[in-house]
Amino acid sequence: MCTYLEHPHLLPQTVEKRLFQLDLAATALKASSLIVVPTGLGKTVIALMVLLARMDKGRILFLAPTKPLVEQHAVFLQRVLKERDIVTMMTGESPPEKRVESWRQSSIVVSTPQVIENDLLSRRIDLKDVSLVIFDEAHRAVGNYAYVYIADRYHREAKSPLVLGITASPGSQSEKIAEICTNLGIEKIQTRTENDPDVAPFVHMREIEWVKLTVPKELLLIRSAIEELLKTRIDDLNRLGISPVRIDAKSSKKELLTLQAALMSSAKTQANKSTFVAISLMAEIFKLHHAVELAETQGPDALARYFQRLEGEALSRSGSKASRRIMQDPGFLQVVDALQKLDVEHPKPAAVKRILQEQIATKPESRIMVFTNYRDTSTSLLKFLKDDPAIRAVRFVGQSSRENDEGLSQKKQAEILQKFRAGEFNVLIATSVGEEGIDIPATDLVLFYEPVPSEIRSIQRKGRTGRARAGRVVVLMAKGTRDEAYYWISDRKEKTMNRQMRDLSGQAQESRHVEFLPRQLQITEDPAGPAGHAGHAGPAKKEDALAALQNKEQKEADEPGKMPAKIFVDSREREMAKLLESLGLDVTVKNLEVGDYVVSDRVAIERKTAQDFVASIIDPQRNLFRQIADLARTYDRPVLILEGRDLYTRQMNAGSIRGAMASVAVDYGVPIIPTEDRDETAAVIALLARREMREGHEPKVHGHKTARTLKEQQEYLISAISSVGPAVAKNLLKHFGSVEKVMTASPEQLQEVEKVGPKIAQRIRELVGGEYKG
């Protein structure tokens, strides 16, 4: 017999009572907890139980990484609580003023973390009266993700903080699990598996099948030809003799990324020609490595789409040089030609259609989710399945758009999910955006187009079925390809994760006192003492005079009764804003028209990394000298911070770079302060802010950007067209005399202009005459 939860705030007979959920919630009320339970077993209900117990102590903040998840949680709470009006949903689509009002009036706020982070940094809200923060999909709380900053602020501001992290899959690496716990301030880990006696009665059977497929030899020959191109680049890289590790054509993407990071780090500290040749080769290696994977696991259609994008990049004025070099390789052109002549298909699309047809024939009301790693594959599959009226498929991808591939807005995503639940669509072809947390209880079949080498993603995908009834999971595997390797990697990681969670479960974490010091801060409190705590990004700069001065400044600022120095930070500098806040500054993020940081009524700072500085000399749209002129005109004591040591690594004459610096310092009167990295930049900005505060200067924003002239606006408009750079834009305008005449010219007339060939002419005509697809 089913029994239900009872609570003064809860509508009767709406939430089923399960003892294992009550047990987890009771422990979570005693200490900040990370709860790990399989998908479909009511993580949201556990959060509800904790939420109900904390409502009388203050506001509840319920965070989820995507708008569909936010809507899902908000609708659930409004459905089960007696007072629907106490729940509000906050997303980036709401104007800031409305969000502030909603925050003040609501007892329960459900939001994406980016919105809360923005409003905290902009000083629109604070977390002082928040009694509980729930972090859904808590495995995201790593690196610079917004969860990390919100948790840090919460523990610093709240009177009696309590954190609840919920996830089905925190990962298999103990270091990552520890990082999540540190970042969220977790004191206790609790876990349940489907095999636990108190959970088993609520688990629906989930059958997992593996379908092995044979790739046609013609397609494997194309793969081998791409591998030969890949091996050539790898051999060139290894011959340079500067790589810390040797790689080969079978190296994983993770190994390639590790090597790339090492080379990039080397370029910043000891730049030389060989290092930059190696970085350039790595860019080509990544592209060819991806092409190999597409050939063997996705098929000719996805590979052809990728080759088209490479060609577009090669032709674009802002496209990658790696794409240009690949497109100029005769061996690659032979591969493109062979692909165009190929008359065989990859076996996966046909297998998908067969499995879907069998499922729908057996159970006509089925809901099916097909997961694929790649958007191109989702597009190809949708097209391939359209001729079967029984298969009503729809594509479900992320928000970002690219050429010939439009993303889905969050509103459109929500509409598609609703139609899928209602049965208007019975097949959802999803990329990774469909993996996390989406609650579709009636999903009968989840089909993996390919295995994924991530235990987190694999668990999330499987969890879309078997939630309300028995379900199937079918995984396609191309024999003799990396599909097989990915299967074993994912299986091993999943088993490792379950074992580690068992080991960690119930163990108290270390005190939060040290863990919540800012992870980016590299300057220790005592330069002569031991190195900083484990959360530091790197070793303290003990010998640096600036570090010693910064320590002195920090200690003075921390004296009782002292107000922190205030600073305005431009909204594009959010990561630096968080770092400055961790240094004890009172940071307010807002849109600044002039400068990146305003530390007083007279001092404003423009920050340029070395590469940004060089790029802004070259790129007329960024125009370094206009930015510096605005800064010098608006503030009495402007400052340019030039960050990084790789100033002369771009292919630009060193004399030109020195000339630009001389002009900034002499012609515009703006002093240049060089810094080693982001941490030293933050230290310098904090130092300037505290100096200004001591001298009685409060930050005050003023000034406006200098408007572009009509000529500059016309050049900007034309140069924004793909493949049309500033030089071609000037040629077009000189030839035709106006923007209107450029836009109405025929392809033949356009090609009369110097540097304008058939492809540029075609792109201009496509832009002007192409139909808008809203």
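The values are calculated or read from the model by the stated rules, or taken from the named source; none is laboratory data. Owing to the predicted nature of the structure, the values given are computational and were not obtained by experimental measurement. Methodologically, a virtual Cβ is constructed for each residue, glycine included, from the backbone with ideal geometry; neighbour enumeration extends over all protein chains shown. These area figures cover heavy atoms from the full protein model, side chains too; ligands, DNA and RNA do not enter into them. Shrake-Rupley method; radii C 1.70, N 1.55, O 1.52, S 1.80 Å.
Which pairs, out of Lys43/Lys348; Lys353/Lys479; Lys67/Lys212, put more than 29 Å between their alpha-carbon atoms?
Check vs 29 Å cut-off fails for Lys43/Lys348; Lys67/Lys212.
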Students often check this: by mean Cβ neighbours within 10 Å, which of 731-741, 64-74, 220-230 ranks highest, and how do the rest follow? 64-74, 220-230, 731-741
Surface share of carbon and sulfur [accessible, 1.4 angstrom probe, percent] for the range 1-111: 49 percent
Once ligands and nucleic acids are excluded and a 1.4 Å probe is used, how much of Thr191 is accessible, expressed in Å² to the nearest 10? 10 Å²
Sequence neighbours fewer than 8 away in the same chain don't count; with that in mind, list the aspartates and glutamates whose C-alpha is under 16 Å from Lys341. Glu218, Asp301
In whole Hz, the Karplus estimates of ³J(HN,Hα) for the range 361-370 (6.51, -1.76, 1.60; θ = phi - 60°; x where Gly or Pro) are 5, 6, 9, x, 8, 4, 10, 10, 10, 10
Cross-link table Lys253/Lys273; Lys273/Lys590; Lys159/Lys590, entries beyond 32 Å C-alpha to C-alpha: Lys273/Lys590
Would you mind getting me the FRET efficiency between His704 and Arg765? Use the beta-carbon distance for r and R0 = 35 Å, nearest 0.05. 0.40
When only C-alpha pairs under 8 Å and at least 6 residues apart count, what is the relative contact order of the range 627-774, in percent? 18 percent
Cα-based Rg and Dmax for the range 273-393, in Å, come out at 18.3, 63
Counting only protein heavy atoms with a 1.4 Å probe and every protein chain in place, the carbon and sulfur fraction of the accessible surface of the range 666-715 in whole percent equals 53 percent
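What accessible area per residue, rounded to a whole number of Å², is obtained for the range 36-143 using a probe radius of 1.4 Å?
34 Å²
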Please list 3J(HN,Hα) in residue order for the range 310-315, calculated via the Karplus relation 6.51 cos²θ - 1.76 cosθ + 1.60 where θ = phi - 60°; whole Hz, with x for glycine and proline. 4, 5, x, 5, 5, 7
Net charge near Leu339: determine it from the other residues with C-beta under 13 Å of the C-beta of Leu339, scoring Lys and Arg +1 and Asp and Glu -1. -3
Residues of the range 706-765: accessible area per residue with a 1.4 Å probe, Å²: 58 Å²
Would you mind pulling out the separation of the Cα centroids of the range 1-67 and the range 92-147, in Å? 20 Å
If every alpha-carbon in the range 352-391 counts as one equal scatterer, what log10 I(q)/I(0) does Debye give at q = 0.15, 0.21, 0.31, 0.34 1/Å? -0.36, -0.68, -1.15, -1.23
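Can you tell me the accessible area per residue over the range 271-310, all protein chains present, probe 1.4 angstrom, in square angstrom?
About 30 Å² of surface per residue is accessible.
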Take the alpha carbon atoms of the range 278-304, find their center, do the same for the range 614-686, and report the distance between the two centers in whole angstrom. 37 Å
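Tell me the relative contact order for the range 1-142 as a rounded percent, counting alpha carbon contacts under 8 Å between residues six or more apart.
27 percent
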Going by amide H atoms built from the backbone, whose H comes under 5 Å of the H on Met90, apart from near neighbours? Val110, Ser111, Thr112
What percentage of the solvent-accessible surface of the range 232-296, computed with a 1.4 Å probe over protein heavy atoms, is contributed by carbon and sulfur atoms? 55 percent
Reachable aspartates and glutamates, given that their alpha-carbon falls under 13 Å from the alpha-carbon of Lys321 and they are not under 8 places away in the same chain: Glu284, Glu311, Glu313, Asp329
For the range 132-184, max minus min Cα coordinate along each principal axis, in Å, sorted largest first? 34, 19, 16
